[in-house]
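Any read-out appearing in this document is the output of simple, stated calculations on the displayed coordinates, not a laboratory observation. As the structure is a prediction and not an experimental result, all values here were calculated from the model. When we count neighbours, we look across all protein chains shown, and the Cβ atoms used for this are built from the backbone with ideal geometry, even at glycine.
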Amino acid sequence: MPVGDEWILEGLDGIPPRLAETAQSLALIDHHVHGCYVEKIDRGAFEESFNEASTDPIPAFMTQFDSQPGFAFRRWCAPLLGLERHAPADEYWAARSALTPAELDRRLLPLAGVEHWVMDTGFSLRPITDPAAMAAESGGATSEIVRLEVVAEGLLATGVAPADFAEAFRAAIAEAAVEAKGFKTIVAYRVGFDIDWEPPTDAAVAAAVARWAALGQERPRLSDPVLEAFVVHAAVALGLPLQVHVGFGDRDLDLHRTNPMLLLPLLRRAEVQRTPIMLLHCYPYHRESAYLAQGFDNVYFDIGLGVNYLGAQSRQLIAEALELAPFAKQLYSSDAFGLPELHLVGSILWRRGMAAALGRWVREGEWSEHDACRVLEMIGAENARRVYGL
Ligand SMILES: [Zn+2]
């Protein structure tokens with residue numbers, strides 16, 4: 001697949017021809033991704049959108065363009081904006097800001113080669129495209145993942161009595177499950193993984209909801225370990241895939257408390273082992289996640305987010321993600337949010353990283369080319385199609 005006039009495997013030598021063809025043309029399923037900004041943003045907001053960890057404005061002494069994703073945008077997206085590859089940041093910004101958000105989306109998204117976006121439609125500070133708009137702008141199909149904390153917070157805002165909360169929440173997610181392809185939890189952000197994973201009783205839930213309601217928050221924010229355990233178990237009981245944010249995120253999250261090994265008490269429960277648990281992002285805990293994917297039949301993982309943020313160095317992350325887990329247990333994701341550059345570059349970097357790692361093993365005689373192509377298809381699309389029933 002050429003991206004504009006650029007061949008995405010350019011510079012990678014000795015990729016066997018059929019593997020190169022598969023890596024470039026495979027129609028991907030992006031199993032965890034968000035929409036794109038609907039409104040024009042200024043340069044500050046643009047640069048902040050590819051710094052995940054800081055919640056502050058970019059300081060005056062630096063530009064976020066001087067980072068792996070910044071370099072990757074200038075390499076891969078600049079030619080699509082009519083610039084030379086590696087065009088300077090100021091030229092890139094000038095060309096980008098001359099286009100409307102919808103024009104940018106239509107130019108970049110289709111080139112990601114994604115046939116299906118499984119979208120997290122949870123909270124965003126700025127308006128982002130919904131699944132219908134993403135489908136129209138990208139040419140791919142879309143489906144939706146429902147965020148458990150958003151459902152719980154919306155329910156509290158309705159003023160439901162604490163004693164009725166548990167039942168009302170179960171009814172709300174059962175209704176959401178009719179359309180949604182799965183659920184997502186951001187327990188990592190709210191309380192971390194080192195909590196009591198015993199399912200709380202409805203009485204314990206009612207007491208926790210009463211404490212929460214008494215806070216009188218204008219925008220209710222679920223951050224109680226009892227309620228986090230409750231919403232996770234309620235979702236698991238429905239059997240749809242449950243996505244769990246793991247690892248790297250913004251600094252509000254205690255990174256050391258999002259090591260997925262802390263989920264072992266949850267994962268060891270028999271009732272949890274009947275539901276697919278999708279460990280998202282995982283960096284820098286991708287090796288722990290791969291171990292869990294080997295250890296539990298229902299655990300899957302991806303390295304989305306990390307690939308975009310590691311840019312040219314993501315090749316090593318992609319190779320490391322191929323170490324321990326069976327190949328049926330890893331899925332492709334970009335975790336792109338807001339900027340269509342991230343949707344596109346996530347796809348390009350992953351295709352290049354996979355071609356480089358698998359190509360070397362084929363060249364060295366460790367793998368057959370047929371197996372390499374098969375593994376690309378499994379991680380790029382087949383596993384997601386199976387797990388989500390797409
Ligand atoms: Zn995400």
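For this structure, a couple of remarks:
- Close amide H pairs (under 5 Å, H built 1.01 Å from N) link Tyr283 with Phe248, Gly306, residues at least 5 positions away or on another chain.
- Estimated FRET transfer efficiency when R0 is 22 angstrom, pair Ala171-Ala270 (beta carbons, to 0.05): 0.30
- Residues of type lysines that Lys40 reaches as a straight line, Cα spacing below 24 Å, ignoring anything fewer than 8 places off in the same chain: none
- The modelled label-to-label distance between Thr100 and Ser368, using points 7 Å beyond Cα along the C-beta direction, is 5.2 nm.
- Bridge type composition, the chain - antiparallel percent by DSSP, nearest 5: 10 percent
- The Kirkwood hydrodynamic radius of the chain, based on inverse pair distances between different Cα atoms, is 21.6 Å.
- In terms of packing, defined here as the mean over residues of other Cβ atoms within 10 angstrom, the peptides 288-296, 95-103 line up highest first as 288-296, 95-103.
- In terms of packing, defined here as the mean over residues of other Cβ atoms within 10 angstrom, the peptides 85-92, 337-344 line up highest first as 337-344, 85-92.
- Globularity ratio of the range 221-317, using Cα Rg and 2.2 N^0.38 Å: 1.11
- Between Val150, Ala206, Ala168, the Cα set farthest toward the positive side of the dipole of the range 148-228 (charges on each charged residue's Cβ, about the Cα centre) is that of Val150.
- When peptides 20-30, 209-219, 312-322 are sorted by average Cβ neighbour count within 10 Å, with the highest value leading, the order is 20-30, 312-322, 209-219.
- In this Cβ point-charge picture (+1 for Lys and Arg, -1 for Asp and Glu), the range 78-172 has a dipole of about 160 debye about its Cα centre.
- At an R0 of 35 angstrom, the distance between the Cβ atoms of Asp196 and Ala163 translates into a FRET efficiency of 0.95.
- For Gly182, residues with placed amide H under 5 Å, excluding near neighbours: Val146
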